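Structure, as structure tokens:
What follows draws every value from the coordinates through simple rules; no lab data is involved. All of these numbers come straight from a predicted model, not from anything done at the bench. As a convention, Cβ positions derive from the backbone with ideal geometry for all residues, glycine included, and neighbour counts pool all protein chains shown.
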Amino acid sequence: MILDRTKQTLILDGKRYSREEIYALHRELGSGASPVRDLFVFLADWFDESPTLDVHTSGSTGVPKVLTVRKEQMMQSARLTCEYLHLNAGDTALLCMPLQYIAGKMVVVRALVAGLNLILRTPSGHPLADVDFPLRFAAMIPLQVYNTLQVPEERERLCQTDVLIIGGGAIDKELEKEIARLPGEVYSTYGMTETLSHIALRRLNGTEASSHYHPFSTVRLSLSPEETLVIEAPLVCDGTLVTNDVAKIYEDGSFTIFGRRDNIINSGGIKIQIERIEEILRPLFPAFLAVTSVPDLKLGEAMVLLIEGTTAMEHIEEIVATSLSRYERPRYVRMVDAVPLTGSGKVDRAACRLLAKELVYTNNMK
């Protein structure tokens, strides 16, 4: 592993670029948006004299934040992942996610630290559409994996990928069943911008498949009084990080996540975890959906189901009634053209709440 930035080079599509060549290409590319330019803008920032750089949170639960992080910590995160997944110099690594977020940045840092051969593609819902050779490593969000599995040619390319990590959103049970059939190693990641990508992995297929996340050996976990996960990861973040993720920790140090504490709806005194309701409903509908809430004078909060498409309301209500208990059922159902997502592909919880409030109070007929 190369943890000295002055000695790092980038291998892009099989060609090696020195630090000086990266600076020159950065100047030549000029202005204008493109994946190549975004890559070299990031690399120019990476190789400058500053020991830190700014990263943006996804904004999935509120206003996006800018965090200043140390490059040394990013390299340590990259080292932990590459060592855990046995990624070595010359291995091909696909970059198919936006570089403005930590997930995309960390793919590049892993390539720099481990000497991986970076394969660059424009971020899209079909990242393997024009990748016609096997990959050693790829990182995707759940929607990219789902889309890829729907196209036979792309599915075959995913089958030729040795190691796949999936982050940035929940993986529903039906998608997990499809993933379990893939021959390569597939992992769900747990982490956030503050931990510089993931600090734990959960195997989704093979004999090592598990419902638990397993943290890296240098990570220490505990629970807050509110039963949210508390993280101590000195290699990748300073201090102790108290998360909003409601969790359970097991004797062997592994853990499960039930959802975010700020995604708990208190409706008439009944506490409902949004993610659990979504997990139950998503396999039952062909359309994408999200659960949110609106203020309610009687209940405090009322649950709202946002669902894409034009499914008949009677059909939706029938499925909901047979799948959820009386106290878990949405008070309102609203059809939408698209469920709001962040730039990194997560459900935009704040935007969902605003949209639901507009739809419910504009037309308060269920």
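Helix 19-29 versus the longest principal axis of the chain: what is the Cα-based angle in degrees, 0 to 90, to the nearest 10?
60
What does the charge count near H214 come to, summing +1 for each Lys or Arg and -1 for each Asp or Glu among other residues with Cβ under 10 Å from its Cβ?
Residues near H214 contribute 0 overall.
Of all DSSP beta bridges in segment 268-362, what percent run antiparallel (nearest 5)? Kindly include the intermediate steps, with their values, before the conclusion.
Numbers: 9 of 14 bridges.
Expressed as a percentage, antiparallel bridges in segment 268-362 total about 65.
What is the magnitude of the charge dipole of segment 27-126 about its Cα centre, with +1 placed on the Cβ of each Lys and Arg, -1 on the Cβ of each Asp and Glu, and no other charges, expressed in debye to the nearest 20?
180
Among P134, Y213, G268, pick out the residue whose Cα is farthest towards the positive end of the charge dipole of the chain, where Lys and Arg carry +1 and Asp and Glu carry -1 on C-beta, about the Cα centre.
Of P134, Y213, G268, it is G268.
Kindly put E28, E83 in sequence by how many other C-beta atoms sit within 10 Å of each C-beta, fewest to most.
Values: E28 9, E83 14.
Ascending Cβ contact count within 10 Å gives the list E28, E83.
Rule-of-thumb check for segment 186-297: C-alpha Rg over 2.2 N^0.38 Å?
1.20
Taking a quarter of the surface of the Cα convex hull of segment 312-366, what do you get in nm²?
Answer in nm², one decimal: 4.7.
How many lysine pairs in the chain, separated by 8 or more positions in sequence or lying on different chains, have Cα atoms less than 26 Å apart?
Lysine pairs, 8 or more places apart or on different chains, close enough: 26.
If you take all C-alpha pairs in segment 240-366, what percent of them are over 26 Å apart?
Here the long-distance tail beyond 26 Å is 22 percent of all Cα pairs in segment 240-366.
For the chain, take the longest principal axis of its alpha carbons; what is the angle in degrees between that and the long axis of helix 349-362, to the nearest 10 within 0 to 90?
Its long axis makes an angle of about 30 degrees.
For E358 and N88, what does the FRET efficiency come to when R0 = 51 Å and r is the distance between their Cβ atoms, rounded to the nearest 0.05?
Between E358 and N88 the formula returns 0.50.
What is the spread of the Cα atoms of the chain along each of their three principal axes, largest first, in whole Å?
64, 45, 45
Rank the residues Y23, Y361, Y213 as a footprinting-exposure proxy: fewest other Cβ atoms within 10 Å of their Cβ go first.
Going from sparsest to densest Cβ surroundings: Y361, Y23, Y213.
Calculate the dipole size of the chain relative to its Cα centre from +1 charges on Lys and Arg beta carbons and -1 charges on Asp and Glu beta carbons; express the result in debye to the nearest 20.
Values: 39 positive and 47 negative charges, 81 e Å.
Rounded to the nearest 20 debye, it is 380 debye.
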